[in-house]
1. How many of the residues making up region 50-66 are of a type in the set (D, E) and either at pLDDT 95 or above or in contact with a helix residue (DSSP H, G or I) (Cβ under 6 Å, 6 or more places away or on another chain) (or both)?
2. If a residue has to be outside any helix (DSSP H, G or I) and in contact (Cβ under 8 Å) with a residue 12 or more places away in the chain to count, how many in region 6-33 make the cut?
3. What is the residue count in region 31-84 for residues that are surrounded by 12 or more Cβ atoms within 10 Å (Cβ to Cβ), among the aromatic types (F, W, Y) and farther than 24 Å from A17 by Cβ?
4. Go through (1) closer than 19 Å to T3 by Cα; (2) assigned to a loop (DSSP other than H, G, I, E, B) and name the single condition A38 misses.
5. Suppose we keep only residues that are within 21 Å of Y82 (Cα to Cα) and of a type in the set (V, I, T) within region 4-30. Which one would you say is surrounded by the fewest Cβ atoms within 10 Å (Cβ to Cβ)?
6. Residue check: is A53 within 21 Å of Y82 (Cβ to Cβ) and small (G, A, S)?
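The values are calculated or read from the model by the stated rules, or taken from the named source; none is laboratory data. Just so we're clear, the structure is a prediction, and the values are computed from it rather than from any experiment. In this analysis, Cβ positions are derived from the backbone assuming ideal geometry, glycine residues included, and neighbour counts consider all displayed protein chains.
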Amino acid sequence: MSTVALLQDAELSPRAAAVFADIRATRQTDFINNFWRALAHDPALLERTWASAKQVMAAGALDAKTKELIYIAVSAAQGCDYCV
């Protein structure tokens with residue numbers, strides 16, 4: 001099975017570092033999970049994926065906390081230990 005090295009902050013390109021900064025600011029946490037660290041190898045993909053995630057989690061009919069709870073419930077129901 002192929003694996004991708006997970007980039008640490010010191011290894012990030014300026015574009016990827018900017019996305020990580022936005023993730024931290026938006027989520028109000030210093031933690032960046034392995035999903036984003038793997039995507040950081042392709043800064044354009046990282047930017048697009050983060051922009052999509054932000055759009056999905058934006059305020060709408062459901063608030064962000066409710067959306068996160070639905071995400072966790074679906075992940076648990078599907079048996080995705082990593083997602084939970």
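1. Within region 50-66, residues that are of a type in the set (D, E) and either at pLDDT 95 or above or in contact with a helix residue (DSSP H, G or I) (Cβ under 6 Å, 6 or more places away or on another chain) (or both) number 0.
2. First, pick out the residues of region 6-33 that are outside any helix (DSSP H, G or I): 6-8, 12-13, 28-33.
Still in the running and in contact (Cβ under 8 Å) with a residue 12 or more places away in the chain: 6-8, 12-13, 32.
Number satisfying all stated conditions: 6.
3. Counting residues in region 31-84 that are surrounded by 12 or more Cβ atoms within 10 Å (Cβ to Cβ), among the aromatic types (F, W, Y) and farther than 24 Å from A17 by Cβ gives 1.
4. With (1) closer than 19 Å to T3 by Cα; (2) assigned to a loop (DSSP other than H, G, I, E, B) applied to A38, the lone miss is (2).
5. T29
6. Working: within 21 Å of Y82 (Cβ to Cβ): yes; small (G, A, S): yes.
Judged against the criteria, A53 is a match.
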